[in-house]
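The block underneath contains the structure these notes are about, expressed in structure tokens.
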Amino acid sequence: MRSRHIPLVAVAVVLGVTIAGFTLARVVAEREAWRDSDRRVEVAAAQIHSRVAEATALTESFRRFMVDEGGAGVTNDQFTAAALRWLGPSGLPTVAWAEQVRGADRAAYEQRVGHAIVLPDRQSTVSPRRSTYLPATLISGFSPMNRRGADLGREPGTGTALRRAIFPGGVGATPVATQRDGTHGLSLIAPAPNMIGGALRPGAVVLFVPAATLRASASNPAGLRFAGTDGSTRDRADANTVREEFVVAGQRFAVVMPVESVQGPGAILPWIILATGLVLAALASALGVIAARRARAQRDFDRIFNLSADLATVANFDGYFTRVNPAAEQVLGYPEEELLGRPYLDFVHPQDRERTAAEAAAIGLGKKTLSFENRYARKDGSYRVLEWTATAVPEERLIYSMARDVTERRRAEDRATRLAQEQAALRRVATLVAEGEMPDEIFSAVSEEVRRLFGSEMAAVARFTSDGRSVVAAASTGSDVSTEDRREIVDCIATEVFRTGLSARVEDAELRSVLEDVAGGRQRDLASVVACPIVVEGRLWGTVSVWARESLPLDSEDRLEDFTKLTATAIAKAATRKELAASRKRIVASSDQTRRRIERDLHDGTQQRLVSLGLAARAAAASTPPEQGDLRAEWDRIATGMVDAAEELQELARGIHPAIDSRGGLGPVLRTLARRSAIPVELDLGTDTRLPEPIEVAAYFVASEAMANTAKHAHASRIDVALATVNGSLVLSIRDDGIGGADPTAGSGLVGLADRVEALGGSVEVRSQPGHGTQVTAELPLEMEMDVGMTTSQESPDLT
């Protein structure tokens, strides 16, 4: 009996071992399938995450561009140009700036942009009435945001993403969804205002990322699904799928892939174990399946590692790479042997080594780095900017890293920064021009702004003489450059501009040869110079030039052109002001000549005739017989009337034009005014020097009008008149102790006198606080051009 049970026991044991082996093999196979699937979905999610993060950074760059340029206003052409520069390297199709428009402002918006607000569908259906809209105002010209006026606020998740971007600020993302025009993807939104029509209008930058682009970044594995998720139970992976989630721009995304089915030896091994019942064969088969799975996982890893377009490296805790992929060799230009044979810090830019070493130490302690940038040196000596993602396996003392080459993106951002700095410099110069500053101040500002903008050794503004020589009007230097060197260096290229009327450039050996000739080799370190012509009203006036120790960028001529236009505008405005000042002087001179002629005609003509008639009347009265007493008295009255008329005419003539020449200058005339004043006058005449007649006449009229106004309106008890010369100017002050509160614009004669004084290059100031009296101060330049006529010359005008 016992012997019969031995086989059964043996069978039971064999069956038990077989079933155990069968079950174990199934579990191991399925677990390996899950592990492989987890690795695949983790790699795909990392690649998609990196792609979305890159798009988020690009959206932030567009937001900074709109904010930096918002004060001056970004046009659609500027926005499209920036989009073409930035979207091309990134491989993303389209971006737009959408304006936030209230329902009440819809008609005004449509009239301003010339486009109706429409739904973002293929038929461009007119959008129904809403309380707010988000129409695309600035567009890059590519689908799905290639129509102005398309209401992007109707796209799925746009409103939530915009709110998320505003509070607390940054970039918001929409879920992955099908847009109204049929495209499938997500949108990244960043709030950014723009100056339109003089008003700062709210809006947002909207960057569209197609789902196909994201799947392509993960090499489009079969069965991959990518979608936004809210983390609810129904969004979680089921038993047949694996899932990896990440959060970018406030939106949670999920990458879902089907679990790889058990295939090959792993699928048939349990049946082999069940059929043979051999525990050793089952265990051997199981071990074989496990080894095969691991080998395939290693092959998959090697395939991804070697085919990745990004740099992939494995480094040990001792600071050496233990493995690099072909992309690392291609990007950095070093052979694998050299990359593995030297500490990796040797390849890092010296200024980034300390940061890199600290980051590597933190990773070794367990930190997972998702974004770290540093500069790596290429074999040819240039540097590439790399953005690293790294994690460590402490038990293996290894760091696994991937790096994306973001050099071109950083260069694009640097170009945007440079453009913003250039626009700011142009605005500062334009402000000086608009405010009417003197040309020499404009020239100094232009040379200083150009030198700082280019980071160059020297920048200068020069004008031409009729024989083609250049005269330096202003220069800005970064080091000690003598005036002689400055003139000779500028003159060596301005000659070429004068000959051709076009921009000129001299570099390297040719420039050094020229410097050897004109500056005696004192400036041999200069390697590049560019000069652009300044053309004023169709005539070549001079140049703006910039000098540097290294070769200047190829677009330097175009960048200098904006400064030459502003300089030309300042020169033209200065010439206009000079002509206007000369015209006003001619008017004043003509008026004074007319007054002088009238005064002379009255004195030499009418006044003398009245005196002669008075004498004749006296003679007639004397010859009248005594018995005709009435007739004698009549002649006496006529004679007296003639004398009175002559005196009144004399006073009238004095009012028309003061007789300054005959009285010895301004001092005697002011003393005469003081004697005639009904209010006591205290004189303080600090100078009796004779001045140009227009100056003395203007001072006389200011004093006469101010004293007359005091007598009529001020209720004053005293007038103080002071005359002095200060810093090359004549200063005349008339002050009273009256009631004050005078308004110089309310019809007083000082308005016309201010025009006369300003025509001579002077100024008039009136201070009159209620209860504190009134003070009128006139300041006139002592040196003035006596010949106020204008002459023309073939030479370029010297307006400095």
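Descriptive notes on the structure:
- Strands (runs of 3 or more DSSP E) lying entirely in the range 701-800 (those with 2 or more residues that are of a type in the set (Val, Ile, Thr), over 50 Å from the mean Cα position of the chain (by Cα) and at pLDDT 85 or above): 719-726
- Residue within the range 289-311 that is touching a strand residue (DSSP E or B) at 6+ places or on another chain (Cβ under 6 Å), outside any helix (DSSP H, G or I), at pLDDT 65 or above and under 29 Å from Glu359 (Cβ atoms) present: yes
- Residue within the range 44-56 that is touching a Pro at 6+ places or on another chain (Cβ under 8 Å), of a type outside the set (Asp, Glu), under 25 Å from Ser219 (Cα atoms) and crowded, with 19+ Cβ neighbours inside 10 Å present: yes
- Scanning the range 710-733 for residues that are without any contact (Cβ under 8 Å) to a residue 60 or more places away in the chain and farther than 13 Å from Glu779 by Cβ turns up Ala711, Lys712, His713, His715, Ala716, Ser717, Arg718, Ile719, Asp720, Val721.
- Of all residues in the range 147-170, one or more are basic (Lys, Arg) and without any contact (Cβ under 8 Å) to a residue 12 or more places away in the chain.
- Among the criteria (1) in contact with a helix residue (DSSP H, G or I) (Cβ under 9 Å, 6 or more places away or on another chain); (2) at pLDDT 75 or above; (3) of a type outside the set (Asp, Glu); (4) surrounded by fewer than 17 Cβ atoms within 10 Å (Cβ to Cβ), the one Ser591 does not fulfil is (2).
- Boolean, Arg122 is of a type outside the set (A, V, I, L, M, F, W, C), open to solvent by 60 Å² or more (accessible area, probe 1.4 Å) and at pLDDT below 90: yes
- Against the test of being open to solvent by 30 Å² or more (accessible area, probe 1.4 Å) and at pLDDT 90 or above, the options Glu245, Glu338 yield a single qualifying residue, Glu338.
- Total residues in the range 694-742, condition under 19 Å from Gly771 (Cα atoms) and in contact with a His (Cβ under 8 Å, 6 or more places away or on another chain): 4
- Enumeration of residues in the range 350-371 that are outside any helix (DSSP H, G or I) and open to solvent by 30 Å² or more (accessible area, probe 1.4 Å): Leu365, Gly366, Lys367, Lys368, Leu370, Ser371
- Residue in the range 259-279 that is within 30 Å of Pro175 (Cα to Cα) and modelled with pLDDT of 75 or more present: yes
- The residue of the range 386-401 that is least open to solvent (accessible area, probe 1.4 Å), among those that are within 33 Å of the chain's Cα centre (by Cα) and more than 20 Å from Glu338 (Cα to Cα), is Trp388.
- Close contacts from the range 624-640, counting a first residue that is free of Cβ contacts under 8 Å to residues at least 40 places away in the same chain and a second that is open to solvent by 60 Å² or more (accessible area, probe 1.4 Å) and in a helix (DSSP H, G or I), with Cβ to Cβ under 7 Å and a gap of 6+ residues or different chains, come to Thr624/Leu631; Thr624/Arg632; Thr624/Trp635; Ala639/Arg618.
- Criterion applied to Glu359, Glu448, Glu395 was being under 30 Å from Pro553 (Cα atoms) and out of contact with any Lys or Arg (no Cβ under 6 Å at 6 or more places or on another chain), and the one residue passing it is Glu448.
- Some residue of the range 576-586 being open to solvent by less than 10 Å² (accessible area, probe 1.4 Å) and either β-branched (Val, Ile, Thr) or at pLDDT 60 or above (or both): no
- Candidates Ala377, Ala309, Ala327, filtered to the one that is closer than 16 Å to Ala46 by Cβ and surrounded by 15 or more Cβ atoms within 10 Å (Cβ to Cβ): Ala327
- Each residue in the range 5-36 was checked for being modelled with pLDDT of 80 or more and hydroxyl-bearing (Ser, Thr, Tyr), and 0 pass.
- Candidates Ala659, Ala639, Ala620: the one that is more than 24 Å from Val766 (Cα to Cα), modelled with pLDDT under 85, touching an Asp or Glu at 6+ places or on another chain (Cβ under 8 Å) and surrounded by 15 or more Cβ atoms within 10 Å (Cβ to Cβ) is Ala659.
- Residue match in the range 663-682 (condition: modelled with pLDDT of 75 or more, under 60 Å from the mean Cα position of the chain (by Cα) and open to solvent by 60 Å² or more (accessible area, probe 1.4 Å)): yes
- Among residues of the range 52-104 being of a type in the set (Lys, Arg) and in a helix (DSSP H, G or I), the one that is nearest to Phe142 (Cα to Cα) is Arg85.
The values are calculated or read from the model by the stated rules, or taken from the named source; none is laboratory data. Remember, it's a predicted structure, so these values are computed and weren't measured experimentally. Neighbour counts are summed over all protein chains in view; Cβ atoms, including those assigned to glycine, are modelled from backbone coordinates with ideal geometry. Keep in mind that these areas ignore ligands, DNA and RNA; they rest on the heavy atoms of the full protein, side chains included. Shrake-Rupley method; radii C 1.70, N 1.55, O 1.52, S 1.80 Å.
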